[in-house]
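Everything on this sheet refers to the single structure shown next.
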Amino acid sequence: MSGNADMLALARVDIAPSPLLQNTSFEGFGSDAYGKEEIAAMLRRHSPFTAVTRQARTARSQAVIGEDAAGRPVALFADLHDGWITRLWRLGEGADPAPLRPVTSVPADADMDQRGGRLGFAPEAHPELEPAHAAALVALGDRWLAGQPVDVIGALACARPIILRAFSEGGACAALIRIQGRFPHGLGGFLMLVMIADGETIVLADQDGRAAAERQPWRPALR
């Protein structure tokens with residue numbers, strides 16, 4: 001049985017028939033969810049897309065960039081399998097602050113493994129990514145680490161971009177990137193979406209996710 005991963009319909013919260021599964025996982029709005037009903041309810045509570053400006057898709061991945069009713073940029077990135085969405089990320093801003101997750105903070109040194117200041121990227125893990133696009137993403141990560149532009153990483157200490165997903169479709173490329181680093185209360189991270197198409201590079205930060213990471217308090221386990 002195959003699904004119909006219509007991300008354009010999902011972006012507008014028109015999810016009947018839904019491309020989500022009962023075990024689809026979701027990250028967005030500074031929080032996360034699991035399962036078709038919970039994800040659908042979370043998407044409905046927030047402003048859906050009112051316009052789609054860019055998209056790219058392969059058999060395994062899809063990325064959609066658009067705007068919400070307030071004109072703010074938003075995006076969805078999905079892992080696909082046989083036409084179903086198995087994992088979904090939403091990037092943007094404007095959501096009400098989500099309740100903080102119960103976590104146990106682990107003392108760590110971001111530079112202990114000597115990887116600080118380098119892009120985390122294994123090209124062999126992204127078989128749908130063309131070599132030219134891989135080189136463009138590496139160059140972009142190097143510019144971020146050099147502080148260009150400064151608003152991408154900002155004052156995040158020990159920052160390290162890590163490419164989680166990346167694929168090419170014709171002349172277009174989309175990548176989901178995690179910016180890992182040290183916030184005032186400990187280590188954390190947030191997501192960025194990059195789409196390269198028609199000579200233009202679009203970068204969208206998950207401001208809701210970053211705000212949640214900055215709010216997360218330091219809660220070590222005491223024994």
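The values are calculated or read from the model by the stated rules, or taken from the named source; none is laboratory data. It should be emphasised that the depicted structure is a prediction, and the values quoted were computed from it without experimental measurement. Please note: Cβ atoms are built from the backbone with ideal geometry, for glycine as well, and neighbour counts cover all protein chains shown. Ligands, DNA and RNA are stripped out before the accessible areas are found, and what is left, the full protein with its side chains, is counted by its heavy atoms. Shrake-Rupley method; radii C 1.70, N 1.55, O 1.52, S 1.80 Å.
Taking 7 Å steps out from each Cα toward its Cβ at HIS81 and THR201 produces label points 3.3 nm apart. Estimated at the nearest 10 Å², the accessible area of THR201 is 70 Å² with a 1.4 Å probe.
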